[in-house]
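The values are calculated or read from the model by the stated rules, or taken from the named source; none is laboratory data. Not measured: the values here are computed from a predicted model. Quick reminder, even Gly has a Cβ in these numbers, built from the backbone with ideal geometry, and neighbours come from all protein chains shown. SASA here: full protein model, heavy atoms, side chains in, ligands and nucleic acids out. Shrake-Rupley method; radii C 1.70, N 1.55, O 1.52, S 1.80 Å.
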Amino acid sequence: MLAFTQLLDGLRAAGESTRLRLIALLAEGELTVGEIAEALGQSQPRVSRHLKLLAEGGLIERLPEGAWVFYRLAHDGEGGRLVQALMALLPGSDVGLERDRRRLGLIRARRARAAADYFRQNAARWDELSSLYVDEAQIERVLVEMLGDRPIGDLLDIGTGTGRILTLLGPRVGRGVGIDNASAMLAVARAKLAEAGLRNCHVRQADMYDLPWPRDSFDAIAIHHVLPFAAQPAAVVGQAGGLLRPEGRFVIVDFAPHDLEDLRLQHAHRRLGFAAGEVTGWLAEAGLKPLRVRHLRGKALTVTIWNAMRPSAEKRRGVSAERVKREALQ
């Protein structure tokens, strides 16, 4: 049940035509002030005032990203419940709301063109790397298999890049969140998610060493080709592991040890792959139970996929991390 004062504050915030239009627009995905102003045909200062009132009413969330700020509808808590109720009451067809959506479609088309230009400029570098290992489709099949058949409530994709993991798993998750430090990659990911129609997924700029969620926030976590760039990969795994709920699954995809020094020079890799036992040990130290490790051999690089879960009870409290690691490698 919504608390009375929170309900009243939320209704006051939404009870204005522009703000109700804004809520309907943000149902299509996260947007910047400039994009919202363009879609609504209003000035940025005016839109900013409306956004401030909606944020104070708990109906939207503000996500800073460098010099930009993205806004999206509240998903959790009292504000999220009120937003869902308001969305259910909005008319299915309205001339004004349809006009806003058409303008948003033009904005998204422009965003998609910018993403395509970015890909074209970097395609040669990525194609060179991907030619050294197995096809990504094979990797994705194993990743999906390791996550199991159960629906996923909340998914976190660390180092989301182009948002591929979110687009792959988005149809089977309640909510998908991808983080990355690179604004250019986040722009690509947003375009991809919009193209796939995945309104339940969003991306945000965040530091993988300082994840902005409390413990037990996610049912599944994926780290896909990210750890070679990390100065402290064990710290990344350890912090992420604490966000996993009981019986949640954790999948890591990366390279086995190799000697291709060119990956340091051309692709900014700090680490030239990881031994199976090394990553398994990090997972165990994070309080997770490592499961099967898979190796997919390519032309010059072997991709290793680690799988772990958080135990549903503290029954393994007396088992050392070293023993868990040995069991996983047997």
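Quick note on the stretch 184-230: its Rg to Rh ratio, both from C-alpha atoms and Rh being the Kirkwood radius, is 0.98.
Using a 1.4 angstrom probe on heavy atoms only, work out the carbon and sulfur share of the accessible area of the stretch 175-300 in %. Taking all protein chains in place, the stretch 175-300 shows 47 percent carbon and sulfur surface.
Phi angles of the stretch 220-229 translate, via the Karplus equation with coefficients 6.51, -1.76, 1.60 and θ = phi - 60°, into HN-Hα couplings of 8, 9, 10, 10, 10, 6, 10, 4, x, 8 Hz per residue; Gly and Pro are given as x. Where does helix 44-56 land angle-wise versus the long Cα axis of the chain, in degrees 0 to 90, nearest 10? It is inclined by approximately 70 degrees. With the helix formula -39500 (n - 2.57) applied to DSSP H stretches of n ≥ 4, the chain reaches a computed 222 nm mean residue ellipticity of -15000 deg cm²/dmol. Looking only at SER17, SER217, SER131, which one moves most when the chain is put into a Gaussian network model with springs between Cα atoms under 10 Å? Fluctuation is largest for SER17.
Filter the trypsin sites (Lys or Arg not before Pro) in the stretch 225-319 to those in DSSP coil with at most 16 other Cβ atoms within 10 Å of their Cβ, and list the result. List each step's numbers first, then the result.
Working: sites: ARG249, ARG264, ARG270, ARG271, ARG292, ARG294, ARG297, LYS299, LYS315, ARG316, ARG317; in loops: ARG270, ARG271, ARG292, LYS299, LYS315, ARG316, ARG317.
Filter output for the stretch 225-319: ARG270, ARG292, LYS299, LYS315, ARG316, ARG317.
With both residues required to sit in the chain, DSSP beta bridges show an antiparallel share near 50%.
Based on the reciprocal of the average 1/r between different C-alpha atoms, the Kirkwood radius for the stretch 198-315 equals 15.1 Å. Give the long-range amide H neighbours of HIS224: residues separated by 5 or more places, or on another chain, with amide H under 5 Å away, using H modelled in the peptide plane at 1.01 Å from N. The answer is ILE158, VAL253.
Think of a 1.4 Å ball rolled over the protein heavy atoms: the chain then has 48 Å² of accessible area per residue. Against the chain, whose longest principal axis comes from its Cα atoms, helix 17-26 is set at around 20 degrees. The Kirkwood hydrodynamic radius of the stretch 125-237, based on inverse pair distances between different Cα atoms, is 14.7 Å.
How big, in percent, is the set of alpha carbon pairs in the stretch 75-190 lying more than 24 Å apart?
Details: 3218 of 6670 pairs.
The answer is 48 percent, as a whole percent.
Within the listed set ALA39, ALA231, ALA220, the Gaussian network model of the chain (springs between alpha-carbon atoms below 10 Å) gives the highest mean-square fluctuation for ALA231. Projected onto its three principal axes, the C-alpha set of the chain covers 62, 49, 32 Å, listed from the longest axis down.
Rounded to the nearest 20 debye, the dipole size of the chain about its Cα centre is 340 debye, using +1 on the Cβ of Lys and Arg and -1 on the Cβ of Asp and Glu. The longest stretch of the chain left intact once loop-based GluC sites (Glu not before Pro) with at most 15 other Cβ atoms within 10 Å are removed from consideration, loops following DSSP, is 17-260. Rg and Dmax of the stretch 1-62, based on Cα coordinates, read 11.6, 36 Å. Using every pair of distinct Cα positions in the stretch 31-96, the Kirkwood expression returns a hydrodynamic radius of 12.9 angstrom.
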